[in-house]
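The values are calculated or read from the model by the stated rules, or taken from the named source; none is laboratory data. Remember, predicted model here, so these are calculated numbers, not experimental data. All Cβ positions, glycine included, derive from the backbone under ideal geometry; neighbour counts span all protein chains shown. To get the accessible areas, we keep the full protein, side chains included, count just its heavy atoms, and leave off ligands, DNA and RNA. Shrake-Rupley method; radii C 1.70, N 1.55, O 1.52, S 1.80 Å.
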Amino acid sequence: MAIAERKDNRDSRNSESGEFKDQVIYVGRVTKVVKGGKNFSFSALVVVGDGNGKVGFGLGKALEVPSAIKKGIESAKRNMISVPITPNGSLPHPVMGIFGAGSVLLKPAPEGTGIIAGAAVRAIMEAAGVHNVMTKSLGSSNPHNVVRATFEGLKELMDPYTVLTNRGLDQAEA
């Protein structure tokens, strides 16, 4: 009962702000052994996006899960990046993101393909507003490394129009 109420509250909070959609990727229970026993706390990995090319991720830590999620959302809103999206809802070019032992391959896909990805990468792509993409997570399966590798790849993406202007070409020449 309490979980359903909390989920409803979170949905209503999103509709009030109207901007960002948040999705929890991972919630971990952390145990710290101290002299008097064990201290339990929680960490939450959260992705926030507007569905139109802006996305961010954050890590929240607290003694309770809802507080950890709230802190993760706040952190994600502070660490937003912009992702170039083509008119068909895909990425402009293939890219490989690497963080630690995890690497993620992101490839554009034709219209109607959908999001072919694992759970963590799928959440990021949905939050960013990418509708057609093929991905493959290589190396580490740790959600933290996969998310950071995906963001490294998304940071490397370049808008085709920006590349043309950097090269000193007009769009008509291309």
Check: Only one of (1) at pLDDT 90 or above; (2) open to solvent by less than 80 Å² (accessible area, probe 1.4 Å); (3) under 28 Å from Leu154 (Cα atoms); (4) in contact with a Lys or Arg (Cβ under 7 Å, 6 or more places away or on another chain) fails for Ile69. Which number is that?
Finding: (4)
Margin query: Which of the numbered conditions does Asn52 fail, given that it passes all the others? Conditions: (1) among the polar types (S, T, N, Q); (2) in a loop (DSSP other than H, G, I, E, B); (3) open to solvent by less than 40 Å² (accessible area, probe 1.4 Å).
Written below: (3)
Note to self: So, Gly56, is that one modelled with pLDDT under 95 and within 15 Å of the chain's Cα centre (by Cα) or not?
What the structure shows: no
Next item on the list: Please specify each residue of region 76-94 satisfying the condition of being more than 27 Å from Tyr161 (Cβ to Cβ) and either touching a helix residue (DSSP H, G or I) at 6+ places or on another chain (Cβ under 8 Å) or surrounded by 19 or more Cβ atoms within 10 Å (Cβ to Cβ) (or both).
Entry: Ala76
Note to self: Anything in region 95-120 that is loosely packed, with under 15 Cβ neighbours inside 10 Å and either at pLDDT 95 or above or within 26 Å of Glu19 (Cβ to Cβ) (or both)? List them, or say none.
What the structure shows: Gly114, Ala119
Margin query: Please verify whether Ala123 is within 19 Å of Ser137 (Cβ to Cβ), touching a helix residue (DSSP H, G or I) at 6+ places or on another chain (Cβ under 9 Å), among the small types (Gly, Ala, Ser) and open to solvent by 70 Å² or more (accessible area, probe 1.4 Å), treating the condition exactly as stated.
Written below: no
Notebook entry, point to check: Met158 versus (1) outside any helix (DSSP H, G or I); (2) open to solvent by 20 Å² or more (accessible area, probe 1.4 Å); (3) closer than 25 Å to Leu45 by Cβ: which is the lone unmet condition?
Noted result: (3)
Next item on the list: Would you be able to say whether some residue in region 139-146 is open to solvent by less than 60 Å² (accessible area, probe 1.4 Å), part of a strand (DSSP E or B) and either under 16 Å from Ile25 (Cβ atoms) or at pLDDT below 95 (or both)?
Entry: no
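Out of all the residues in region 101-110, is one or more without any contact (Cβ under 8 Å) to a residue 60 or more places away in the chain, in contact with a His (Cβ under 7 Å, 6 or more places away or on another chain) and not in a strand (DSSP E or B)? Full working, then the answer.
Of all residues in region 101-110, those without any contact (Cβ under 8 Å) to a residue 60 or more places away in the chain come to 101-110.
Among the residues that remain, those that are also in contact with a His (Cβ under 7 Å, 6 or more places away or on another chain) are: 108.
Cutting the leftovers down to not in a strand (DSSP E or B) gives us none.
Looking for residues that are without any contact (Cβ under 8 Å) to a residue 60 or more places away in the chain, in contact with a His (Cβ under 7 Å, 6 or more places away or on another chain) and not in a strand (DSSP E or B), one finds none in region 101-110, hence no.
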Note to self: Looking at Ser67 and the list (1) in contact with a Gly (Cβ under 7 Å, 6 or more places away or on another chain); (2) of a type in the set (Gly, Ala, Ser); (3) farther than 15 Å from Met125 by Cα, which single condition is not satisfied?
What the structure shows: (1)
Notebook entry, point to check: Do we find a residue being under 23 Å from Val121 (Cβ atoms), within 14 Å of the chain's Cα centre (by Cα) and at pLDDT below 95 anywhere in region 3-14?
Noted result: no
Margin query: Looking at Leu138 and the list (1) farther than 18 Å from Thr86 by Cα; (2) without any contact (Cβ under 8 Å) to a residue 12 or more places away in the chain, which single condition is not satisfied?
Written below: (2)
